[in-house]
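Notes follow once the structure below has been shown.
Bear in mind that the values in this text are calculations on the coordinates, not laboratory data. This is a predicted model, so every value here is computed, not measured.
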Amino acid sequence: MSPAPAFLTQAQAAEYLSFAPRTFRDLSKKYLLPTYGPKRNRFRKEDLEAFMSNPVIFLEESVTIRRSRKAII
């Protein structure tokens, strides 16, 4: 019997947490769950377990700085 993978796809992560795939996708965006892999489409089991024990720690919003293309004179 092989050990369970440490990194899960979105569908596997949803199943691991007993959520529907669409519900998990929405939660992963709202709570800013960290993603891994070259395409940033994998979730780490440790992060998912931390999310289930205390989801508030993943609520920090990222800051996006938008800059104007016009020069300020």
Karplus-derived HN-Hα couplings along the range 21-31 (A = 6.51, B = -1.76, C = 1.60, θ = phi - 60°), whole Hz, x at Gly and Pro: x, 5, 4, 5, 4, 5, 5, 5, 7, 5, 9
Phi-based couplings in Hz for the range 43-52 (Karplus 6.51, -1.76, 1.60; Gly and Pro marked x): 10, 8, 4, 4, 5, 5, 5, 5, 4, 5
Relative contact order %, the range 3-57, counting alpha carbon pairs below 8 Å whose residues are six or more apart: 38
